[in-house]
Structures are given as C-alpha cells and as structure tokens.
Amino acid sequence: MAVDRRSVLKAIPAVAGSALVAPIQVFATELNLTIEPSKTGPYCPLDEIRLRGASNGTVVVKDAAGQQYVRGAARDPFAFKVSGVLGIHTASVLNPQGAPIASISFEVDCETEIREESGVYQGLLTDIEWTMMDWNQEAPVNVIRYKDRIYQLFVNWIFDHTLTLKGMKYYWHQLKDAVDFFADTQREDGMIWENCYPATPEANYFDWKFGYDNFVRKIEGGFRQLRRAPVESHVEQFYIEALYYTWKATGDDEWMKPKLDGAIRAIRFLTKDPYRWSQKYQLVHRGFTIDTWDFTSDDQQKIGSDCVFVVYLGKSEFGIFYGDNTNMVAACRRLYEMLTYAGRKEEAKEFFALAEQVQERLDKLAWNGEFYTHWIAENPGYKPDVGVDMTKQVSLSNAYSINRGISHDKCVAILRTYQRIRSEMPTGSPGEFYGIYPPFLRDFGENAPGLVWEYVNGGVLSCVAGELARGAFEHGFEEYGADILRRQKAIAERYRGYLPVTLRGKPAETPKRTFETLDLRKIANVDLGPGNAGVPGWIGDREPNHNLAGFPTGAQEFHGIPFDAIPPESNGHRACVGIAQSSPYTQQATVSVQGKAGSVYLLHTGAGPEGTFGTFTIRYADGSSFSEYIESRKNIGSWWEPADSRYAREGPRVRDRLRVAWQTSAHGLPALGVYVAGFDNPHPDREISSLDFSAGIGETKWLLLGVTLCSTPVFFAPYDDLSSGIPDGWNAAVAYALLEGLAGVEDRGTAFSRTRIAPRWIAADVHLAEVTLKYPASGGYCRYRYTHEKTPARVAVEFTGTGRDFELHVLLPKEREVAASTLDGKPISPRFEKIEQSIYAVTQVSEPGVHRLILSLR
C-alpha cells in the first residue's frame, strides 16, 4: 500500500513560527475570484492553491518581484503550486487581448523548518534554535556603539560570532553588522581585532598585559576597548568566513566587494607577522595551546607573565597547530571565490596558490595517516611534560577540518578515527566528540576550569559533534551522521530541550573515603521549630510554620555525606547552633576535634540579607589556623527558597561545593531547607584541634545543624555531566549539520540562487519529510518535500526556491538501483555518483518554478 504523504505531514507540528498575516486582496470585480484553501496566514512555497471564478481567458500568476511562474488556460478551479520570490503574489485573469479583467493577491512566506515523521530531527532543530536564541539569557544579539553607529553581533568576539552564524543565518535578519564592525576597526597593518568590551579611560588589566605590542586599543573616548589575545592566530580566518557566509546569506554583492581589500590585507598580515607566521615551516604558528583555544600551557605562562593569553617573541615556544592552517586554506579559497566573483581574477590567483601551498606544507608536516597531529614545536628540544603522548592526541579541529576542503581520503580517515575513539572512550562518556583525546594530564591546570575531562581538555563538545556529522553526510558516512544527530537530541532532552556545548568527557568517580560525624549537642542553642522553654525558635520568626520543624534528625545522609542531626526533644530542643551578633544567638562557637581530615562538611543554612554570614576556622594542634568566610552562594545559601547548581547551565559540576541537602514545601509556603557545604582542608597532614564558628557583622544568622570530617578532599557526585567554558551558541554547528547535511540543502550561490539539494533521510530511516531553509536577511529560500515509498518502490522530491539552478543529489536506499526517472513528468537519465559505499542519483535543473523528480527503484 502506498504511503499517503499528505495525511502524514498534515499531522506533523511545525517547528518554526509562522510569518505575519497579510489579507487576501481582490483588485477587480469583473469576475468574482476567490482562492482555496482559505488561510489566516501566508501561503508557503509548494502549497497548492485553487483559483475559483476564472472559467475563461488566461490565468497568470506572478511573484513579489513581478516574475511570472504560472500561465495557463483558465478553468474553474485553476490549481497551481506556489513558487517564486516571497512577498505579495498576484493571480490575474487576462482576456483574449491580454488585458487583465480580474486579479487577486495573496502573501507568500516561509521560515526555516523541518517536518518529518520521526519527530527526532525536527525536535532537534527546535532545541538548537532555542539554544542559539537563549544561551546568553538576555537576547540573541549583543550591541556595540562605535562612531555613532550601533552594531549588532551574535557575540562580541568575531570567532564566536562566526561559529554562531553557521546556524543563526537561517533565523536572523541582521547579519552584516559584525563584519562591518571588525572591518571598520581593522588595524592599520591588516590585523583584525578579536573582541570589543566596555572599559574606562583608566588603564586596566588588558592595557597592562596586552599593551606590549599594540594588542589593545581604546575607542569611544576610552569607554570601549578593542583586544587581540597575542596567542591567537585564527582571527583573520574567522573574519573572512563571517564575510563569506554573510555575503551568501544577504546576497548583497555591493556590500561584499568593498570588504575585499581589507580581507586581502588580513591574509597578508598573517603571512608576515612574526606572531602568526613560521619562517621555518612557512605555515601559520602559535604558542602552545589546546587546539584553537586562547590559553597557553602552565610552563609557558611562567615565561615573563602569568597571563594565559600572551606569547613573547624570542621567549615563548611556538609551533604549528594544524587547525590554524586548515582554516587559512579555507579562508584563502573563500577569498579567491569572492575576488573572482567581483571580477578581480588576477588578484584571486594569489590566494588560490597560497591555499594550495599551505595545504601541501601542512600535510607533509602534520598529517600522520589517520588525523592531523595536534601541535608540532618549532624547537625540537621543547618537550613539555604533559602526561600524555602528544602524537596520539586527536583534537577538535580535525572535525572542523573535514568541512574546510581537505581531501576526501583524509576526511574518511578522520571519521574512522572518531569511530575508533567511540569504541575505546571511557564507559559512560556522552560521546566521542572530545576537545582533545586523550586529554592533557599535566601542564594545563592553571587555566580555569583547568580540569582533566572538562572544557576543551577532554570535555565532549556538541559543536564537534555537529562538524563531524556535517562531514559524515558529505563523505559517505550518512548513517553515522544521522546517529550523531540522534544522540545530540537525546542530550538535549536530558537538559529540558536545551543543548549545552560542553559535557564532561568521563564520568566522575566517587573517591574511597571515610567520615567522622561530630557531636554538636554541647554547643547547640536553637530549636528547629518555634522554640520551647527559653530556647529560641528557628531564626526567631513569629510567623507560624516559618521553621524547620519537619527536618529529619538522627543519623542522616545527604549527598553521600553522613551527619548526626540532633533530635530536638533529646537535647532540650537545642537542635542546632545559631550564630549571629544579636541575642539570644551566640557570636562564637567551638567544637573539639583531635584528628586529621582532608575536608570538612557543614550541614547549615543562613537567614537574613545576602553577604558574609560568618567565619569558619580550622585550628591545628601546632597553633596554626586556616579561615574562610561563609558567603552567600559560595558556601552557604538561604533557608528560604533554597537553590544550588541543579538547574544551572554552567559547570563544571565536579567543582560544586554547595548542595541543597533537604527541602520541603508545606502550608502554602515556598520551599524551605538547608545545605551541605564542603571545605577542603589545606593542611590534611596536620592534626586539627578544633573548629571555630564566628558570627558575621550585620543582621545575618548562621544556623549549623551538623559537622562531618572526611578523609579526602571535597566531592559531590555531579547532578549531571555538564561542563563549561564555551558559548552554547556554538551549537549552530549542529543546526548546519542537520539543515545542510541530513536535510541536504546547500547554497552554492548567494541567497539560494544556485542550490544543491541532497536529501539523506533514508540514512535516518525517515521516509517523509518537508524541509525549508530561508535567509531572513535576503528572503532567499529553498523548500522541498521528500517521499520514499516502498510500494511501489520509489523516491520523489518536489522542490522550489528563489533560484533557477538546482542540482539534485538523491541518496538511494541500499541494495536498490534506479529503474526509471522522470523530472516534471518527462523521462531523464541521471548520472550516478558513488561516495564510499553510498550511491547518489544526480541531475540538474536550470529553470525556476516547482519541479518534481521521481526515481523508480528496483
């Protein structure tokens, strides 16, 4: 039985929002024209419209640019499918002399969306759109004012903006500002600034650290500061990528062309600046960092400065990081394409040649047969002690390089390398998409968060998953690409429809440890409830139920930490230690220890205004001591509406030292509760004589319910595998893997003037799909409907767009071949392309309008 595509797709909810509604308008009354179906919103390309009331003459339908896309003899009803430029379309009826006797208008619009039968991939697109829009929790864009112009940027770093642009170009209308800003501020020698932040005219940290070689500059009267981390060697490449994809999305040739001189100067700067260019290898070089990141190794930070972002000529160790160079190759090829398009073919040759030269030199130096070696020191005597064999480390730019035009055989080798990593990665890892694998065990600990298996040092990154999936779809690993996207959707579901970029690369292991609970009965002075017989009640609040009368007492365990919580009735209602400046609380309390500990856990909470609640002091038997302030949100929280990191979007979770231990909500009140806080003992080898608790200044109250010693440093089992360090907007890589890879729509011109459509749904076991990609910045779009039917065996693709040139690459089901093909009802003979084990049927169309390709299979 044949699949009823329309009935299935009608039941699939839309992913993107609808456009603004424009009413249908009738401009003549000689005929009573109407259109069906009636809609409250705009019609979409490929929608079928039935024109009623036209029984004689000729029907002509024109798009918003006045281009005719339907013409035929009138009949009632007259059915046609929507195509052409978005906006107000007009259907007219002409008399035999060609004069219009009636017309009716309707609005046509669309949004980037996917509708498909499984719901997995359309749901993933919704999650990614939400993540890209919401990650900074203020707005999708930042703004900078410079010389009385206000610029919009997704992120005020050109690097981050460009990586976010990969997905946001399909949702956002204003794209040019970021490129304009960094072009308008380009340094005289061609260098592109990296970011721009608010400042004051007085010298600040970056003036101090970056000022030694003109890596910082104040603008706007000193209230804005342009910065360039001296270690960074990728900025110019990302600037050119932003220029290139902004041009394609806007289709604005006249905006792009004046930018080319600055882009040329940026590339030439890279090949001349000693901070960026290796005279030894004639390649881009940088200091010793993890992949493309901006912090140097610990030993390099000690060379003249403690700043993680700096390098010094003649002092710092430089080396070849392959990612800067594959990025350089891609930048040169993009510049070549733009120059050629602009008619500057002779100048373009320089950058085509440079791309070829850099690629050849890099491959000879850094390609090891399976992937690119992470970083190769120019000084052969520099052998840092990092705790891992650097020649075996696979870093994230290998995944990015797949999509930068390296050869197919190298792409295949890298894809297989990541599949190998998947087979050997730690059990419980969220995926093989590591920042670097295996991670550095030493020499990268001083940068926050500076932990192994976190952030870029062994963290698992969804942006790497996106780049890997995008490359997998392009190089014959389509099922692997679909599997990667399915796994990203599962991660987003764990985080309530939000996809974090960075996850911990290896599950945290609970250390083997022992505990000793301390007895607070002698110093307890406050009731958990309303108070009794001269014993003050919980925080002294006279409101009924404003206390912790229901708190569980006796031997309790919270987050794996045991505590001896005093039952109030067993100690004259003195169940906790109330510490405050005001009576009847105590200003200071001491509990004797006489033992050693790796850490101390407090079961406690606070009441009153946020701030410093007191001082916790460890006193040692040798007379020395260590103190730490008890501060809001750091190591204590309020008993009223308690909260910790459980729902936070920031990690790393393994650094949590404050957890909600217990909470309850009753009597119509908000949640009430207490916390466990961990305190590392800086001197675990020293015997502790006592622990002191002193009140802070002001109206705060510190309430202590339990104290436990532990043999190891502080550890809380993570709530989840969330890590940190990367803007979640980088998840745009997953969006572009989904839209351009699995859905397979790729702009080969500008504003979809030339479009490749390569639906790969069969690799995801999806048989019905509708796909729309739209650039809001230009209105350029492509829309198609995909159907794979088993009986009769065939694949059909109906498509249209703003362009006239389409190239169809249709992935065929395995063990199937094409028996017959038609395009718009006429027989054709497609050619066939094999990529690894995948077979594509390929055909071209050079005519605007709606087209339908049918491949009958056997």
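Observations on the model:
- Scan the stretch 314-363 for residues that are part of a loop (DSSP other than H, G, I, E, B) and free of Cβ contacts under 8 Å to residues at least 60 places away in the same chain and the total you get is 4.
- So Glu509, is it under 44 Å from the mean Cα position of the chain (by Cα), modelled with pLDDT under 95, more than 20 Å from Ala607 (Cβ to Cβ) and not hydrophobic (A, V, I, L, M, F, W, C): yes
- Total residues in the stretch 675-727 satisfying the condition of being in a strand (DSSP E or B) and of a type in the set (Asp, Glu): the figure is 2.
- Some residue of the stretch 628-642 being among the aliphatic types (A, V, I, L, M), at pLDDT below 95 and either touching a strand residue (DSSP E or B) at 6+ places or on another chain (Cβ under 6 Å) or assigned to a helix (DSSP H, G or I) (or both): no
A quick yes/no check of all residues on (1) in contact with a helix residue (DSSP H, G or I) (Cβ under 8 Å, 6 or more places away or on another chain); (2) crowded, with 16+ Cβ neighbours inside 10 Å; (3) without any contact (Cβ under 8 Å) to a residue 60 or more places away in the chain; (4) among the aliphatic types (A, V, I, L, M):
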| site | (1), (2), (3), (4) |
| --- | --- |
| Trp662 | no, yes, no, no |
| Val674 | no, yes, no, yes |
| Asp680 | no, yes, no, no |
| Asp685 | no, no, no, no |
| Leu691 | no, yes, no, yes |
| Ser694 | no, yes, no, no |
| Leu709 | no, yes, no, yes |
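So that you can scan it fast, the table gives a plain yes or no per residue for (1) closer than 30 Å to Gln588 by Cβ; (2) outside any loop (DSSP other than H, G, I, E, B); (3) in contact with a Pro (Cβ under 6 Å, 6 or more places away or on another chain):
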site	(1), (2), (3)
Asn447	no, no, no
Val452	no, no, yes
Val464	no, yes, no
Glu467	no, yes, no
Phe473	no, yes, no
Gly505	no, no, no
Glu516	yes, yes, no
Arg521	yes, no, no
Ala524	yes, no, no
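- Check on Ala743, within 30 Å of Asp252 (Cβ to Cβ) and either over 21 Å from the mean Cα position of the chain (by Cα) or modelled with pLDDT of 95 or more (or both): yes
- From the list Val771, Val842, the lone residue that is surrounded by 19 or more Cβ atoms within 10 Å (Cβ to Cβ), of a type outside the set (Lys, Arg) and modelled with pLDDT of 95 or more is Val771.
- Candidate set from the stretch 108-158 (those that are over 30 Å from Thr800 (Cβ atoms), aromatic (Phe, Trp, Tyr) and modelled with pLDDT of 95 or more); member that is nearest to the chain's Cα centre (by Cα): Trp157
- Considering residues of the stretch 410-438 that are more than 21 Å from the chain's Cα centre (by Cα) and in a loop (DSSP other than H, G, I, E, B) only, the residue farthest from Ile491 (Cα to Cα): Pro438
- From the list Tyr121, Tyr69, the one residue that fits, being touching a Pro at 6+ places or on another chain (Cβ under 7 Å) and in contact (Cβ under 8 Å) with a residue 12 or more places away in the chain, is Tyr69.
- Qualifying residues in the stretch 299-315 (those that are closer than 15 Å to Asp207 by Cα and modelled with pLDDT under 85) - the one surrounded by the fewest Cβ atoms within 10 Å (Cβ to Cβ): Asp306
- Hits in the stretch 818-858 - residues which are of a type outside the set (Asp, Glu), part of a loop (DSSP other than H, G, I, E, B) and over 30 Å from Arg71 (Cα atoms): Gln837, Arg858
- Those residues of the stretch 533-550 which are out of contact with any helix residue (DSSP H, G or I) (no Cβ under 9 Å at 6 or more places or on another chain) and within 17 Å of Val674 (Cα to Cα), in sequence order: Gly537, Trp538, Ile539, Gly540, Asp541, Asn545, Gly550
- Residues of the stretch 38-67 that are under 23 Å from Arg783 (Cβ atoms), touching a Phe, Trp or Tyr at 6+ places or on another chain (Cβ under 9 Å) and in a loop (DSSP other than H, G, I, E, B): Lys39, Pro42, Pro45, Leu46, Asp63.
- Count of residues meeting criterion [surrounded by fewer than 24 Cβ atoms within 10 Å (Cβ to Cβ), among the β-branched types (Val, Ile, Thr) and touching a Gly at 6+ places or on another chain (Cβ under 9 Å)] in the stretch 114-172: 2
- Among the candidates Leu773, Leu742, residue that is of a type outside the set (Ser, Thr, Tyr) and out of contact with any Gly (no Cβ under 8 Å at 6 or more places or on another chain): Leu773
- In the stretch 778-808, of all residues being of a type in the set (S, T, N, Q) and part of a loop (DSSP other than H, G, I, E, B), the one that is farthest from the chain's Cα centre (by Cα) corresponds to Thr791.
- Complete set of residues in the stretch 795-821 that are acidic (Asp, Glu) and in contact (Cβ under 8 Å) with a residue 12 or more places away in the chain: Glu798, Asp805, Glu807, Glu817
Matching residues to (1) surrounded by 15 or more Cβ atoms within 10 Å (Cβ to Cβ); (2) within 30 Å of Tyr205 (Cα to Cα); (3) basic (Lys, Arg):
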| site | (1), (2), (3) |
| --- | --- |
| Phe318 | yes, yes, no |
| Gly323 | yes, yes, no |
| Tyr336 | yes, no, no |
| Leu339 | yes, no, no |
| Ala355 | yes, no, no |
| Pro384 | yes, yes, no |
| Ser395 | yes, no, no |
| Lys410 | yes, no, yes |
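The values are calculated or read from the model by the stated rules, or taken from the named source; none is laboratory data. Fair warning: this is a prediction, and the values are worked out from it, not measured in the lab. In this analysis, Cβ positions are derived from the backbone assuming ideal geometry, glycine residues included, and neighbour counts consider all displayed protein chains.
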